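One structure below.
The values are calculated or read from the model by the stated rules, or taken from the named source; none is laboratory data. Computed from a predicted model, the values in this text were never measured in an experiment. Please note: Cβ atoms are built from the backbone with ideal geometry, for glycine as well, and neighbour counts cover all protein chains shown. SASA here: full protein model, heavy atoms, side chains in, ligands and nucleic acids out. Shrake-Rupley method; radii C 1.70, N 1.55, O 1.52, S 1.80 Å.
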Amino acid sequence: REMAEESVFRNLLEVLVSASSEIERAYKDSCELVDLDTCLLLIAECFRCLRNACVECARNQHIMRNLGLISTSVHLIKLLHGIQIQEELLLSALRCSLQFLGNIAAGNVESQNSIWKCAFPDLFLTCLTYSDEKIVAYCCMVLFTCLNSEKVRELLDPGNLTVALHVLKVYKEQLESEWSFLIVTDHLLKCPELVKTLYAKLSNQERVTLLELMLAKVSEDNPVTGEEMNVFIRHAEFLAGCFQEKCEAVLKLTSAAGADEEALVTIRLLDVLCEMTSNSKQLEHLQVLPGLLDTAIDTLRLTHHAGQQAVNIFTATRAMTGEEEISHPAVNFKSHLIRLIGNLCYKNKENQNKVHDLDGIFLILDNCRIDDNNPFVNQWAVFAIRNLTEENERNQELIMQMDDEGLLDSCALKSMGLEVEKQDGKLILRSLGEK
């Protein structure tokens with residue numbers, strides 16, 4: 001491969017140019033191309049040769065680019081797309097052409113820039129919406145390979161934003177498409193302005209998809225740079241605002257009419273915020289966001305009250321047997337609200353006191369009961385109470401007072417296997433039987 005003469009690639013270029021001219025002439029003259037099958041087969045074989053020749057070979061990538069094979073290929077792909085047939089020979093030619101562009105761009109900035117100049121956005125819009133899944137996947141491969149931080153910002157242009165929207169649609173419809181996943185997580189999510197602009201354009205179902213991708217990204221157990229942390233923080237601020245604005249939508253799930261899409265977005269927003277507040281550096285910024293803690297407490301109170309007023313997904317229940325209930329999207333919603341409250345109060349005296357002033361401590365304890373709709377609510381309640389009482393005598397005294405008045409019994413604290421004990425003037429929340 002490394003010893004291939006330039007003349008070989010020149011000959012392949014001539015074949016492709018000739019094939020392009022033949023197709024153009026046939027359509028221009030409105031006549032049927034007699035030997036279309038042979039033409040398509042020849043195009044596919046040329047691209048197979050080119051595809052294989054530039055794999056991890058900068059020399060051949062350079063030669064091909066200088067010969068003009070990138071612009072010729074992009075032009076030919078557009079011509080092939082105009083052929084209104086779905087025969088296997090046409091699909092093979094398109095697939096091989098996109099594989100060639102992906103290989104010539106791999107590890108080669110000059111080729112990436114050349115493809116971008118020739119193909120963006122038209123070719124990507126054409127191929128991302130193609131009916132063949134392999135063509136869509138190969139298009140995503142080319143797009144992923146060509147993208148960088150500067151090019152991602154070009155997607156902010158209203159005329160180019162459609163490319164990003166189509167990538168999300170591809171991921172939603174083809175969950176096995178690794179390239180669309182990587183485009184979003186490794187490129188699009190690195191631009192908070194783009195995420196904010198995209199979010200405004202998306203349907204509720206598409207927002208759920210984007211939030212699930214964000215959840216996958218923030219859940220990664222990888223070290224992050226200072227720049228990446230700044231990006232996460234900006235995402236967190238934006239998503240916190242979205243949650244505060246739409247949190248009450250989750251109450252629509254008290255109806256048996258089915259899952260409300262806006263409510264599903266609220267659930268995913270909470271999931272992402274819980275994960276973000278589990279990171280100490282992101283937590284520091286989220287703890288001081290105006291209104292987030294208040295919203296979490298208010299939403300917990302609303303859902304708790306809704307569950308008491310009538311039997312619904314927010315009603316504490318035991319021995320659940322229905323498959324439909326088990327798979328309900330709001331399962332663990334109250335648990336996650338308590339988790340978020342606990343996170344926001346971690347080593348933060350101001351937030352600890354705010355929960356006290358909003359009567360949030362009793363609210364959390366009143367949710368401490370076995371609940372199949374919130375299987376982990378006890379654990380998150382214990383976590384939250386520990387964070388609320390750590391080095392906070394005011395909150396410790398409140399819980400001791402509640403214990404003295406017998407209010408904690410109604411919260412089923414003992415049924416959780418827990419008890420409150422005072423040692424050396426400090427409140428201790430511990431498991432029954434601990435020494």
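When every residue of region 140-152 is checked against the conditions, at least one turns out to be among the hydrophobic types (A, V, I, L, M, F, W, C) and in contact with a Gly (Cβ under 6 Å, 6 or more places away or on another chain). Of the residues in region 217-225, at least one is part of a helix (DSSP H, G or I) and over 23 Å from Asp298 (Cβ atoms). Every condition in (1) at pLDDT 95 or above; (2) open to solvent by 50 Å² or more (accessible area, probe 1.4 Å); (3) more than 19 Å from Val272 (Cβ to Cβ) is met by Leu161 except one, and the failing one is (2). Any residue in region 207-234 that's charged (D, E, K, R): show its pairings with residues that are at pLDDT 90 or above at Cβ separation under 8 Å, as long as the two are six or more apart or on different chains. Listed by first residue and then by second, the contacts come to Arg207/Tyr199; Arg207/Val265; Arg207/Arg268; Glu212/Arg268; Lys217/Thr185; Lys217/Leu189; Glu228/Lys190; Arg234/Pro192.
Just to be sure before I move on: is Phe243 modelled with pLDDT of 95 or more and under 20 Å from Arg207 (Cα atoms) in the structure I sent? It is true that Phe243 is modelled with pLDDT of 95 or more and under 20 Å from Arg207 (Cα atoms). Checked against the criterion of being among the acidic types (Asp, Glu) and under 11 Å from the mean Cα position of the chain (by Cα), the candidates Glu220, Glu212 yield just one match: Glu212.
Restricting attention to region 236-255, the residues being touching a helix residue (DSSP H, G or I) at 6+ places or on another chain (Cβ under 8 Å) and open to solvent by 20 Å² or more (accessible area, probe 1.4 Å) number 8. The listed residues are Asn312, Asn351, and the only one of them that is open to solvent by less than 30 Å² (accessible area, probe 1.4 Å), modelled with pLDDT under 95 and touching a helix residue (DSSP H, G or I) at 6+ places or on another chain (Cβ under 8 Å) turns out to be Asn312. Filtering region 164-200 to residues that are part of a loop (DSSP other than H, G, I, E, B) and open to solvent by less than 50 Å² (accessible area, probe 1.4 Å) leaves Gln174, Ser177, His187, Cys191. Return the residues of region 220-235 that are open to solvent by less than 60 Å² (accessible area, probe 1.4 Å) and closer than 21 Å to Ser180 by Cβ; say none if nothing qualifies. Passing the criteria: Val231, His235. Scanning region 351-374 for residues that are part of a helix (DSSP H, G or I) and either touching a strand residue (DSSP E or B) at 6+ places or on another chain (Cβ under 9 Å) or touching a residue at least 60 places away in the same chain (Cβ under 8 Å) (or both) returns Asn351, Lys354, Val355, Gly360, Leu363, Ile364, Asp366. Can you find, within region 201-219, the residue that is most open to solvent (accessible area, probe 1.4 Å) among those that are closer than 15 Å to Lys172 by Cα and of a type in the set (D, E, K, R)? This residue is Glu212. When Glu87 is tested against the conditions (1) in contact with a helix residue (DSSP H, G or I) (Cβ under 7 Å, 6 or more places away or on another chain); (2) under 24 Å from Thr38 (Cβ atoms); (3) not aliphatic (A, V, I, L, M), the lone failure is (1).
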